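What follows is a short report on a single structure.
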Amino acid sequence: QVRLVESGGGLVQAGDSLRLSCSASGRTFSGYTMAWFRQAPGQEREFVGGVRGSDEYTYYSDSVKGRFTISRDNAVNTVYLQMNSLKPDDTAVYYCAARAVRFIRVTAGDYNYWGQGTQVTVSS
């Protein structure tokens, strides 16, 4: 069982940066593949990026590649999402997710554990 708690959301202006954190419970955090998803009003939950636990390999959606960076610190059971050059289209609730399998998946249904979400709003 893994419990995830996101933090770091807020209201920023276009071009600003923001870092989200996701703190996880559990003793086997390093074995989990972690991912960030986001969901804007009226839209489906969208994959943002993920990081494997075994080798910290990362994979991003095309919409954030080059602007967002995912990292993890297994010593403190935390995964981060550094978001740079934010755009109004990045406005959404951002969710942290975990799966106890090595491979990163882009479908929300492939993840077993979810946080409660944190709101990110980017004004133009």
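Evaluate region 22-34: report whether one residue or more is in contact with a Phe, Trp or Tyr (Cβ under 7 Å, 6 or more places away or on another chain) and open to solvent by 50 Å² or more (accessible area, probe 1.4 Å).
no
In region 52-61, how many are closer than 18 Å to Ala100 by Cβ and touching a Phe, Trp or Tyr at 6+ places or on another chain (Cβ under 7 Å)?
1
Return the pairs, sorted by first residue and then second, in which the second residue is open to solvent by less than 40 Å² (accessible area, probe 1.4 Å) and not in a strand (DSSP E or B), the first residue lies in region 65-86 and is over 17 Å from Ser54 (Cβ atoms), the beta carbons are less than 7 Å apart, and the residues are 6+ apart or on different chains.
That search, which allows pairs on different chains as well, returns Met83/Arg67; Met83/Asp90; Asn84/Arg67; Ser85/Arg67.
Report yes if some residue within region 34-49 is without any contact (Cβ under 8 Å) to a residue 60 or more places away in the chain and closer than 17 Å to Arg102 by Cα; otherwise report no.
Looking for residues that are without any contact (Cβ under 8 Å) to a residue 60 or more places away in the chain and closer than 17 Å to Arg102 by Cα, one finds at least one in region 34-49, hence yes.
Considering only residues that are touching a Phe, Trp or Tyr at 6+ places or on another chain (Cβ under 6 Å), among the small types (Gly, Ala, Ser), open to solvent by 20 Å² or more (accessible area, probe 1.4 Å) and assigned to a strand (DSSP E or B), which ones fall in region 97-124?
none
Would you check which residues across region 11-31 are at pLDDT 95 or above and either over 16 Å from Cys96 (Cα atoms) or in a helix (DSSP H, G or I) (or both) and list them?
Answer for region 11-31, where residues must be at pLDDT 95 or above and either over 16 Å from Cys96 (Cα atoms) or in a helix (DSSP H, G or I) (or both): Leu11, Val12, Gln13, Ala14, Gly15, Asp16, Ser17.
The values are calculated or read from the model by the stated rules, or taken from the named source; none is laboratory data. Only a predicted model underlies this, so the values are computations on that prediction, with no experimental measurement involved. Positions of Cβ are generated from backbone atoms using ideal geometry, with glycine treated the same way; all protein chains shown enter the neighbour counts. The protein model used for the area step is the full one, side chains on, heavy atoms only, and it has no ligands, DNA or RNA in it. Shrake-Rupley method; radii C 1.70, N 1.55, O 1.52, S 1.80 Å.
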